[in-house]
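Trainee: Okay, here's the structure, questions in a sec.
Laboratory data are not the source of any read-out in this text; all were calculated from the coordinates shown. In this text the structure is predicted, and so the values were computed from the model without any measurement. In this analysis, Cβ positions are derived from the backbone assuming ideal geometry, glycine residues included, and neighbour counts consider all displayed protein chains.
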Ligand SMILES: Cc1cc2nc3c(=O)[nH]c(=O)nc-3n(C[C@H](O)[C@H](O)[C@H](O)COP(=O)(O)OP(=O)(O)OC[C@H]3O[C@@H](n4cnc5c(N)ncnc54)[C@H](O)[C@@H]3O)c2cc1C
């Protein structure tokens, strides 16, 4: 069945997924991507090489029939492997329930899988090196530069899925007082730099493969996610300035000393540390909140509407889940876009705000709390609660319960944590503490305050 004409700005993760879904319904989709086709050119697909993919993202991939295929290209990470500054490394599972874990996926690989699927559809017109410049909200037109030529075309619906620096959002911002468009951008004083541990000579993994590695260092940290080829992508999260600031790391001696002092067990696996350190940029991290996301027939999707810091591993998962929410509303409102778009932003904004706040909180948890004994006692009690009783930690609600909206996961998770921290402070041995009274106490508190 032929439906309307749709433009999507940005063939990244959520733009391409949305295009595939809309094409399945019979919409004619022009999918515009500023970069060259990443399947044909050797370009970095985006800001980070690998990402943590969890249930919300997998759920969205399932919607377009790609979950099984993508599942062949991911590495399960069963827990956090903590590398303390002194003492033994310790693995903390993400869930007390077997079969609940997160996955490392290549951003470029996932994007290519989505583009391959999009290309198979007769209803999708993939346009690379097509730089979207602006939209006219009233006329529902999109202006794009292709091959140096400016083109303007009218559409029934225009999606801005062009990432955190969205050109579509910028057009809304340019008319912010007329549209009463709220925009807020908050930078973190911590930046990030990526490094790389190569595979062993046999193509194996030099540190534990099935873990997300964390080196918490009180004020800064490093993480590592495995890649399919045996390598690891490391990300250092370090303040731009201050006693452990990037601004101090100006000579080879200072860089080597800093890395040896803080991340010795990773540094030994990076033979070309200094070259990588100089070659790879230090990038910024921030949160973008804005509203409304939809005007007339133009709508923001994914990072363009709600860029978040990466510490819950949810930015992509949330962006992909936007497509699931839209899909449900398309069916509920029988393709009536005048109803779908207002309902989408109303339903989704509260969840996008919640995951943005949770992601910021998790920065401090990963950086500092994972090295805190009380936090680890709390986590051990939670894992036992999950393994033995009907309980989901805040992390599990966010990560493994796609049926629970982010804002509910946040509220319930925070209430649970309040009780659990009080208990953990007084607990000598988390492996023997009685669980049923703890669960009663948590449930009562949650019921009273939700
Ligand atoms: C360091 C780091 C680590 C992260 N780790 C995780 C993680 O572990 N798990 C997770 O879920 N999320 C993670 N994220 C977040 C995740 O990368 C984003 O949330 C996700 O990529 C958003 O998808 P998107 O499709 O909205 O935008 P993007 O992936 O940014 O795609 C936008 C697309 O639009 C294109 N584009 C931009 N401007 C234009 C234009 N003017 N015209 C046409 N095309 C344009 C871009 O080239 C790009 O292809 C991380 C982010 C960072 C920075």
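Trainee: Can you sort 363, 183 from fewest to most other Cβ atoms within 10 Å of each residue's own Cβ?
Mentor: Going from least to most buried by this count: 183, 363.
Trainee: Now for a separate question. Specify the angular offset, from 0 to 90 degrees and rounded to the nearest 10, of the alpha carbon long axis of helix 315-332 from the longest principal axis of the alpha carbons in the chain.
Mentor: Around 50 degrees separate the two axes.
Trainee: Next question. Can you give the convex hull volume per residue for the Cα atoms of region 190-279, as a whole number of Å³?
Mentor: 91
Trainee: Where the centre of each part is set by its Cα atoms, how far does region 123-189 sit from region 195-220, in angstrom?
Mentor: So the two Cα centres are separated by 38 Å.
Trainee: When the distances between all Cα atoms of the chain are binned every 20 Å from zero, what whole-number percent does each bin get?
Mentor: 24, 54, 21, 0
Trainee: Follow-up. For helix 107-119, what angle does its Cα long axis make with the longest principal axis of the chain, in degrees from 0 to 90 and rounded to 10?
Mentor: The answer is roughly 30 degrees.
Trainee: Take 105, 398 and order them by how many other Cβ atoms sit within 10 Å, fewest up front.
Mentor: Ascending number of Cβ neighbours within 10 Å: 105, 398.
Trainee: Taking 7 Å along the Cα-to-C-beta vector as the label spot, tell me the residue 174-residue 69 distance in nanometres, rounded to one decimal.
Mentor: It works out to 3.7 nm between the two label points.
Trainee: Inverting the mean 1/r over all pairs of different Cα atoms, compute the Kirkwood radius of region 372-449 and quote it in Å.
Mentor: One over the average 1/r among Cα pairs gives 12.6 Å for region 372-449.
Trainee: Sticking with this structure for a sec: Output the relative contact order of region 372-449, whole-number percent, from Cα pairs under 8 angstrom with separation of 6+ residues.
Mentor: Averaging sequence separation for qualifying contacts and normalising by length gives 40 percent for region 372-449.
Trainee: By its C-alpha gyration tensor, with a ≥ b ≥ c as the square roots of the eigenvalues, how is region 65-178 shaped: rounded for a/c under 1.5, else prolate for a/b larger than b/c, else oblate?
Mentor: In terms of gyration-tensor shape, prolate.
Trainee: Here's something else I'd like to know. Place the peptides 302-314, 321-333 in order of packing, highest mean first, counting for every residue the other Cβ atoms within 10 Å and averaging per peptide.
Mentor: My ranking of the peptides, most packed first, is 302-314, 321-333.
Trainee: Let me ask something else about it. Mark the label point 7 Å from the Cα of residue 209 along Cα→Cβ and return the residues of region 71-102 whose backbone N is within less than 11 Å of it.
Mentor: Those under the cut-off are 75-76.
Trainee: Where does helix 435-449 land angle-wise versus the long Cα axis of the chain, in degrees 0 to 90, nearest 10?
Mentor: Between helix and principal axis, roughly 40 degrees.
Trainee: State, as an integer percentage, the relative contact order of the chain based on alpha-carbon contacts under 8 Å between residues 6 or more apart.
Mentor: Relative contact order comes out at 18 percent.
Trainee: While we're on this one: So how do 383, 172 line up by other beta-carbon neighbours within 10 Å, fewest first?
Mentor: 383, 172
Trainee: In nm², what is the average projected area of the convex hull enclosing the Cα atoms of region 288-400?
Mentor: Mean projected area for region 288-400: 8.1 nm², to one decimal.
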